[in-house]
């Protein structure tokens with residue numbers, strides 16, 4: 001694939017990024033091609049060294065800069081394959097950390113659901129008491145109880161929503177780190 005074809009495919013893959021960012025990325029890649037050609041390499045060799053445009057675009061979408069990507073590519077050119085230590089480390093680390101994080105998230109979801117169910121049950125009991133006339137003298141305290149319980153439930157749901165939101169961001173980085181250690185090992189000895 002020559003320079004024009006490579007840049008067209010890369011531009012297509014970067015389609016949903018802001019125009020200014022795409023322009024900067026394409027300019028950096030063009031400069032890389034120009035430097036490579038001036039060093040005597042063919043456009044096909046340079047395109048091959050950059051890798052698949054789809055994978056390169058994914059790295060840019062993840063927020064990586066061109067110099068970081070090229071440094072990583074140079075390191076991976078010397079890479080001989082994953083070492084078993086990295087894979088064993090990922091498995092053991094996930095057994096002691098990853099599974100517990102999932103269980104903690106599950107417990108938080110169950111606690112919020114139980115809180116909301118408890119609020120609904122108390123509201124049902126109060127309404128039943130009002131219908132049968134046994135709670136008329138306790139109406140004001142029960143209204144304050146309902147308001148308090150609903151506020152607590154809303155607070156827990158918002159807290160859970162924020163927790164899940166940031167948990168998902170951290171999980172994305174955690175999965176990327178796991179994938180990197182799994183594929184490239186723990187690094188140099």
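Data for the structure
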{"quantity": "Filtered residue count, the stretch 17-41, keeping only those that are touching a residue at least 24 places away in the same chain (Cβ under 8 Å) and part of a loop (DSSP other than H, G, I, E, B)", "calculated": "1"}
{"quantity": "Condition met for residue 161 (under 27 Å from residue 58 (Cα atoms), at pLDDT 75 or above and outside the structural domain of residue 62 (by TED's automatic domain parsing))", "calculated": "no"}
{"quantity": "Flag for residue 78 being at pLDDT 85 or above and surrounded by fewer than 12 Cβ atoms within 10 Å (Cβ to Cβ)", "calculated": "no"}
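The values are calculated or read from the model by the stated rules, or taken from the named source; none is laboratory data. These numbers come from a predicted model, not from an experiment. In this analysis, Cβ positions are derived from the backbone assuming ideal geometry, glycine residues included, and neighbour counts consider all displayed protein chains.
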